[in-house]
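Asks: Starting off with a structure, shown below.
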Amino acid sequence: MSGRIYAAITGMGHYTPARVMTNEDMAQLVDTSDEWISSRTGIRQRRIAAPGEKTSDMGIAAARMAMANAGVTGEDIDAIYFATCSGDMLFPATACFVQQAIGARRAYGFDLSSACAGFLMALEVATGAIESGRIRTALVIGAEKLSAITDWTDRSTCVLFGDGAGAAILRASDRPGVLSTLLGVDGSHADILSLPASGTLHPASERTLREHLQYVHMSGGETFKIAVNTMVNAAREAVARAGLTFDDIQCMIPHQANMRIVEAVAKRLGPGLMERVYLNLDRYGNTSAASIPLAFSEAVSLGKVKSGDKVLMVAFGGGLSWGGAVVEWL
Ligand code: UT7
């Protein structure tokens with residue numbers, strides 16, 4: 001044995017709010033139809049958090065399930081990495097509310113803002129901290145209450161998003177679990193997908209309210225085009241860095257933004273890959289940082305990911321930012 005420390009995912013969890021909002025419900029709010037939404041995106045419904053239900057509440061529920069599945073308690077956790085672009089507040093970090101709720105007495109934690117690529121960014125941070133020997137157990141969460149930052153008068157965005165959470169426990173292991181990670185950003189396209197009035201650039205004012213700057217803004221068409229190329233490249237690089245080929249991948253979990261994007265990506269990556277893709281965007285829409293861990297956890301719960309399987313994750317979103325990762329489910 002080399003004595004090298006590896007990182008491995010040892011438990012997954014997820015949570016979605018009870019309220020289902022269908023495309024028909026959406027058509028009562030804005031000028032749209034089930035036909036348009038499902039044919040352009042593949043989304044049929046999404047979950048919407050209750051008014052008092054916080055991003056931290058959803059993250060905590062997902063974390064508890066991941067901890068139970070991994071057989072760890074709050075005392076075991078050294079670090080909490082919370083990926084979100086819709087945290088409870090700018091500070092304290094949403095990770096602090098999780099730390100308190102799960103009794104992770106020894107843990108440090110922070111929030112990580114990288115929109116839809118956030119979970120893979122957090123996975124990379126956790127993996128690095130574990131492989132360096134600094135920590136042994138990490139809780140990685142992706143959770144979003146996008147309904148609170150959605151412009152419900154803008155049909156080009158409001159039909160896309162939903163609320164939810166996913167979580168993973170990563171632990172030090174003598175066998176490699178995280179086989180590769182790859183991350184990137186390109187700030188030259190920062191303007192095509194953003195939430196302009198979420199920071200100090202545009203403090204709350206009559207103007208920010210009038211111009212709806214406190215909500216997600218997106219140039220859908222431009223984002224779509226860049227998304228396909230970027231996800232294809234990230235997936236290829238992540239698989240190559242793991243020393244594998246696409247034939248070795250049993251399950252692919254892409255960021256769940258649009259069925260047409262996923263199909264275009266899978267088609268370019270190779271024949272037969274689409275049959276190995278796990279999708280739940282028809283039921284949850286785009287849940288940004290929650291999207292990948294929510295799908296991964298569901299896939300594990302449904303027995304779609306089995307021991308020894310290699311799982312490819314690939315994400316793309318605001319920043320622009322992207323990520324790819326291959327893990328072996330030990
Ligand atoms: O998660 C981060 C990454 N995000 C993404 O990857 C999202 C990427 N983009 C997309 O998924 C797609 O671009 C959308 C689903 C957002 C839009 O699909 P599209 O095929 O690119 O449509 P479009 O924006 O080109 O709009 C086509 C038409 C427009 O009407 P005109 O100008 O052709 O008359 C829109 O006004 O569809 C209209 N439209 C709608 N019609 C009914 C836009 N939204 C809606 C709507 N219902 N909800």
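Asks: Considering only the range 1-78, give the helices (runs of 4 or more DSSP H) lying wholly within it that have at least 3 residues that are within 14 Å of the ligand (Cβ to nearest atom), more than 15 Å from Val140 (Cβ to Cβ) and out of contact with any strand residue (DSSP E or B) (no Cβ under 7 Å at 6 or more places or on another chain).
Replies: The helices (runs of 4 or more DSSP H) meeting that bar are 23-29, 34-41.
Asks: Consider Gly272 against the criteria (1) away from the ligand (no atom under 16 Å from the Cβ); (2) surrounded by fewer than 17 Cβ atoms within 10 Å (Cβ to Cβ); (3) at pLDDT 95 or above: it satisfies all of them except one. Which criterion is unmet?
Replies: (3)
Asks: On the given criteria, is Thr181 in contact (Cβ under 8 Å) with a residue 40 or more places away in the chain, of a type in the set (S, T, N, Q), within 13 Å of the ligand (Cβ to nearest atom) and surrounded by 20 or more Cβ atoms within 10 Å (Cβ to Cβ)?
Replies: no
Asks: Okay, moving on. Give all pairs with beta carbons closer than 8 Å in which a residue from the range 51-72 that is surrounded by 21 or more Cβ atoms within 10 Å (Cβ to Cβ) meets a residue that is assigned to a loop (DSSP other than H, G, I, E, B) and of a type in the set (Lys, Arg); count only pairs at least 6 apart in sequence or on separate chains.
Replies: none
Asks: A follow-up question, please. I'm trying to understand the selection: among the residues of the range 247-287, which are without any contact (Cβ under 8 Å) to a residue 12 or more places away in the chain and in a loop (DSSP other than H, G, I, E, B)?
Replies: Pro271, Gly272
Asks: Shifting gears a bit: Of a type in the set (Phe, Trp, Tyr) and either open to solvent by 10 Å² or more (accessible area, probe 1.4 Å) or within 22 Å of Pro17 (Cβ to Cβ) (or both) - does that describe any residue in the range 81-95?
Replies: The answer is yes, given that some residue of the range 81-95 is of a type in the set (Phe, Trp, Tyr) and either open to solvent by 10 Å² or more (accessible area, probe 1.4 Å) or within 22 Å of Pro17 (Cβ to Cβ) (or both).
Asks: Considering Ala190, Ala257, which residue is under 25 Å from Val125 (Cα atoms) and within 12 Å of the ligand (Cβ to nearest atom)?
Replies: Ala257
Asks: For Pro92, all conditions in the list (1) closer than 12 Å to Leu139 by Cβ; (2) part of a loop (DSSP other than H, G, I, E, B) hold save one; what is the number of the exception?
Replies: Every listed condition holds for Pro92 apart from (1).
The values are calculated or read from the model by the stated rules, or taken from the named source; none is laboratory data. Values in this document were obtained by computation on a predicted structure and should not be read as measured data. As a convention, Cβ positions derive from the backbone with ideal geometry for all residues, glycine included, and neighbour counts pool all protein chains shown. Heads up: the accessible areas ignore ligands, DNA and RNA and are worked out on the full protein's heavy atoms, side chains in. Shrake-Rupley method; radii C 1.70, N 1.55, O 1.52, S 1.80 Å.
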